[in-house]
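Here you go, one structure.
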2 protein chains.
Amino acid sequence: MIQKQPAQHLYAKMKMDIRDNQLPVAQPLKQEALSERYGVSRIPIRDVLQRLKNEGWLITSGKRGVMVPHLNAGEAEDLYLMRMYLEPLILGHAIPKMTHQIIGKAADILNEIDNQGDKLSIEESGELNWQFHACLYETANRPTLFNTISSLHQQCGRYIGFHSHHLDYLTTSQNEHYQLLEAVKEKQINRAKNLVKAHISDAGELLVAHLLQRLQF
Amino acid sequence: MIQKQPAQHLYAKMKMDIRDNQLPVAQPLKQEALSERYGVSRIPIRDVLQRLKNEGWLITSGKRGVMVPHLNAGEAEDLYLMRMYLEPLILGHAIPKMTHQIIGKAADILNEIDNQGDKLSIEESGELNWQFHACLYETANRPTLFNTISSLHQQCGRYIGFHSHHLDYLTTSQNEHYQLLEAVKEKQINRAKNLVKAHISDAGELLVAHLLQRLQF
DNA sequence: AATATTTAAAATGTATACATTTTATAGCAT
DNA sequence: ATGCTATAAAATGTATACATTTTAAATATT
């Protein structure tokens with residue numbers, strides 16, 4: 001069989017390699033080297049590089065090409081800061097349109113996190129966490145706002161390996177989720193907004209603390 | 001002379017064509033047609049399409065390809081809403097680090113707007129407006145936050161043709177700019193934050209009102 | 001030795017050609 | 001006619017080949 005659309009999953013593969021530090025950091029990536037490594041021509045490589053660049057997984061360093069940026073506490077702080085302000089906003093627009101179905105779906109996700117318990121990898125629990133938030137946010141029907149928030153989450157993905165994965169944090173986080181869902185169900189807009197903001201703030205501060213501890217400067 | 005790097009300015013050209021409605025709206029763009037139109041092969045076309053997609057100038061409509069989205073009051077509202085929350089944030093981080101040089105540069109830009117007066121095209125005055133804000137914001141030294149804000153401005157660019165260009169609005173806007181700069185100079189953080197927020201809110205409301213008037217639904 | 005200039009090599013940008021996939025059309029069965 | 005399958009056409013994805021630009025090295029110049 002001849003090769004078919006090899007780059008179908010190239011994007012996901014490269015993103016995982018960046019996340020798992022399989023690619024050199026702060027050092028220009030050569031298109032040809034990448035095309036050998038992944039067994040495709042430079043054309044699909046270029047496409048993927050551009051996408052990853054636009055999502056913050058890669059940066060361009062002048063004319064020296066594109067590179068994997070160092071993890072950076074300042075970036076993480078900014079990402080969480082923006083989320084702290086934008087997510088309450090979209091939630092405020094979502095609550096008046098909230099349906100029982102969505103609340104049920106959100107509850108199911110929380111239960112799954114509880115049930116799977118510590119069997120979840122950190123990536124999986126991060127994904128479920130985003131699904132919980134996203135299903136609430138989508139209700140707002142504000143695609144532009146949603147897309148920016150979604151992009152910020154994507155960018156946070158690079159830092160997922162640094163998130164506290166202790167069970168006590170997971171418990172805390174889940175408590176906050178249930179409180180939030182309760183406020184949403186009762187249509188307590190301001191309370192819900194404050195809860196997400198605090199929820200994000202908590203997660204962000206913990207993450208930045210870890211980064212400052214474990215990153216060299 | 002043989003052709004050299006033809007796509008150098010392709011990005012800017014296509015963006016202008018989208019802004020000026022030179023490309024069909026809400027209708028799939030064919031790569032081959034574009035490559036003929038711009039006199040380059042499909043490769044650079046694809047590159048540019050991807051960039052424009054990631055900046056909100058184009059959207060993908062499933063597998064039907066990429067298209068110019070309709071102008072949309074909801075999108076404009078979201079963009080200005082996000083700016084209303086993010087720009088005060090970065091300004092708050094900028095003010096403590098503010099230098100006399102930056103304040104001088106900002107003042108020069110405002111003066112240029114005043115002096116050029118109504119000689120400025122709407123695009124030019126939009127550009128100067130952004131330069132004023134950007135030079136203040138860059139002082140914060142928060143690249144991640146700055147990049148998101150900058151991207152939001154870019155996206156607002158599609159709506160620039162709908163901005164009120166009456167002299168009385170320009171006067172109002174300039175008054176707000178001078179007030180803002182004064183607050184920044186005096187390091188009145190909260191006052192400055194409130195002023196930008198109001199400034200953006202004013203502009204956004206006016207724009208959305210125009211859009212609702214002039215867009216068909 | 002330090003700086004500038006020239007030359008070679010490496011890397012990226014782009015065009016052409018081909019493969020695969022998607023979409024539209026025509027033919028067939030019900 | 002309506003819906004389905006098979007076929008053709010169109011469009012996109014990808015590989016290879018070539019052109020241009022960038023980077024590095026080597027040589028010359030002060």
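The values are calculated or read from the model by the stated rules, or taken from the named source; none is laboratory data. Bear in mind the structure is a predicted one, so any value in this text is a computation, not a measurement. Positions of Cβ are generated from backbone atoms using ideal geometry, with glycine treated the same way; all protein chains shown enter the neighbour counts.
Of the residues that make up the stretch B:113-120, is at least one modelled with pLDDT under 95, under 16 Å from the mean Cα position of the chain (by Cα) and more than 14 Å from every other protein chain (Cβ to nearest Cβ)?
Within the stretch B:113-120, none of the residues are modelled with pLDDT under 95, under 16 Å from the mean Cα position of the chain (by Cα) and more than 14 Å from every other protein chain (Cβ to nearest Cβ).
Pick from the stretch A:1-13 the residues that are surrounded by 12 or more Cβ atoms within 10 Å (Cβ to Cβ) and free of Cβ contacts under 8 Å to residues at least 40 places away in the same chain: which of them is farthest from DNA strand D (Cβ to nearest atom)? If you could, list the steps in order and put the result at the bottom.
Looking only at the stretch A:1-13, we keep the residues that are surrounded by 12 or more Cβ atoms within 10 Å (Cβ to Cβ), and these are A:6-7, A:10-11, A:13.
Applying the additional criterion that residues be free of Cβ contacts under 8 Å to residues at least 40 places away in the same chain yields A:6, A:10, A:13.
Values: A:6: 5, A:10: 7, A:13: 12 Å.
Ranking the qualifying residues of the stretch A:1-13, first place goes to A:13.
Further, regarding this structure: Somewhere in the stretch A:130-137, is a residue within 14 Å of chain B (Cβ to nearest Cβ) and either within 28 Å of residue A:215 (Cα to Cα) or part of a helix (DSSP H, G or I) (or both)?
Within the stretch A:130-137 (the criterion being within 14 Å of chain B (Cβ to nearest Cβ) and either within 28 Å of residue A:215 (Cα to Cα) or part of a helix (DSSP H, G or I) (or both)), the answer is yes, since at least one residue qualifies.
Mind checking which residues of the stretch A:43-76 are part of a loop (DSSP other than H, G, I, E, B), charged (D, E, K, R) and either away from DNA strand C (no atom under 11 Å from the Cβ) or modelled with pLDDT of 95 or more (or both)? Steps first, please.
Looking only at the stretch A:43-76, we keep the residues that are part of a loop (DSSP other than H, G, I, E, B), and these are A:55-58, A:61-65, A:69-72.
The next check asks that each one be charged (D, E, K, R); those that pass are A:55, A:63-64.
Selection gives A:55 alone.
Given the criterion at positive phi and either in the same structural domain as residue A:176 (by TED's automatic domain parsing) or not acidic (Asp, Glu) (or both), identify the matching residue among A:147, A:141, A:115, A:129.
Working: A:147 fails: at positive phi; A:115 fails: at positive phi; A:129 fails: at positive phi.
Unique residue meeting the criteria: A:141.
Next question, about the same structure. What number of residues within the stretch B:35-72 satisfy the criterion of being within 12 Å of DNA strand D (Cβ to nearest atom) and acidic (Asp, Glu)?
2
Taking the stretch B:128-151, which residues are more than 18 Å from residue B:180 (Cβ to Cβ) and of a type outside the set (Val, Ile, Thr)? Walk me through it before giving the result.
Of the stretch B:128-151, the ones more than 18 Å from residue B:180 (Cβ to Cβ) are B:141-145, B:147-148, B:150-151.
Once the filter is applied, which keeps residues that are more than 18 Å from residue B:180 (Cβ to Cβ) and of a type outside the set (Val, Ile, Thr), the stretch B:128-151 yields B:141, B:142, B:143, B:145, B:147, B:150, B:151.
Conditions: (1) buried (at least 20 other Cβ atoms within 10 Å of the Cβ); (2) within 12 Å of chain B (Cβ to nearest Cβ). Residue A:91 meets all but one. Number of the miss?
Only one criterion in (1) buried (at least 20 other Cβ atoms within 10 Å of the Cβ); (2) within 12 Å of chain B (Cβ to nearest Cβ) is unmet by residue A:91, namely (2).
Also: Listed residues A:34, A:29, A:49; which is under 23 Å from the mean Cα position of the chain (by Cα) and of a type in the set (A, V, I, L, M)? Step through it out loud before you land on a result.
Working: A:34 fails: under 23 Å from the mean Cα position of the chain (by Cα); A:29 fails: under 23 Å from the mean Cα position of the chain (by Cα).
That would be A:49, the only listed residue that is under 23 Å from the mean Cα position of the chain (by Cα) and of a type in the set (A, V, I, L, M).
Okay, next question. Answer yes or no: is there a residue in the stretch B:114-134 that is touching a residue at least 60 places away in the same chain (Cβ under 8 Å) and surrounded by fewer than 20 Cβ atoms within 10 Å (Cβ to Cβ).
Yes, that holds for at least one residue.
Residues are listed down the side, and each one gets a yes or a no for (1) at pLDDT below 95; (2) within 14 Å of chain A (Cβ to nearest Cβ); (3) part of a loop (DSSP other than H, G, I, E, B):
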| residue | (1), (2), (3) |
| --- | --- |
| B:148 | no, yes, no |
| B:161 | yes, no, no |
| B:191 | no, no, no |
| B:202 | yes, no, no |
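Same structure again: Which residues, taken from the stretch A:139-183, are touching a residue at least 60 places away in the same chain (Cβ under 8 Å) and within 27 Å of residue B:73 (Cα to Cα)?
Once the filter is applied, which keeps residues that are touching a residue at least 60 places away in the same chain (Cβ under 8 Å) and within 27 Å of residue B:73 (Cα to Cα), the stretch A:139-183 yields A:148, A:149, A:151, A:152, A:153, A:154.
Residues of the stretch B:36-86 being hydrophobic (A, V, I, L, M, F, W, C), farther than 30 Å from residue B:198 by Cβ and more than 9 Å from chain A (Cβ to nearest Cβ), which ones?
Filtering the stretch B:36-86 for residues hydrophobic (A, V, I, L, M, F, W, C) gives B:40, B:43, B:45, B:48-49, B:52, B:57-59, B:66-68, B:71, B:73, B:76, B:79, B:81-82, B:84, B:86.
From the residues that got through so far, the ones that are farther than 30 Å from residue B:198 by Cβ too are B:40, B:43, B:45, B:48-49, B:52, B:58-59, B:66-68.
Listed by number, the residues that qualify are B:40, B:45, B:48, B:49, B:52, B:58, B:59, B:66, B:67, B:68.
Taking the stretch A:8-34 on its own, how many of its residues are more than 9 Å from DNA strand C (Cβ to nearest atom) and either assigned by TED's automatic domain parsing to the domain that holds residue A:151 or in a helix (DSSP H, G or I) (or both)? Spell out how you get there, then give the answer.
Start the filter on the stretch A:8-34 by keeping residues that are more than 9 Å from DNA strand C (Cβ to nearest atom), which leaves A:9-27.
From what's left, either assigned by TED's automatic domain parsing to the domain that holds residue A:151 or in a helix (DSSP H, G or I) (or both): A:9-19.
Total meeting the criteria: 11.
Condition check: over 18 Å from residue B:69 (Cα atoms), near DNA strand D (Cβ under 9 Å from one of its atoms), at pLDDT 95 or above and among the charged types (D, E, K, R). Does residue B:32 satisfy that? Walk me through it before giving the result.
Working: over 18 Å from residue B:69 (Cα atoms): yes; near DNA strand D (Cβ under 9 Å from one of its atoms): yes; at pLDDT 95 or above: yes; among the charged types (D, E, K, R): yes.
For residue B:32, the condition - over 18 Å from residue B:69 (Cα atoms), near DNA strand D (Cβ under 9 Å from one of its atoms), at pLDDT 95 or above and among the charged types (D, E, K, R) - is met.
Just to be sure, is residue B:40 part of a loop (DSSP other than H, G, I, E, B), surrounded by 15 or more Cβ atoms within 10 Å (Cβ to Cβ) and within 16 Å of DNA strand C (Cβ to nearest atom)?
Working: part of a loop (DSSP other than H, G, I, E, B): yes; surrounded by 15 or more Cβ atoms within 10 Å (Cβ to Cβ): yes; within 16 Å of DNA strand C (Cβ to nearest atom): yes.
Taking the combined requirement at face value, the residue satisfies it.
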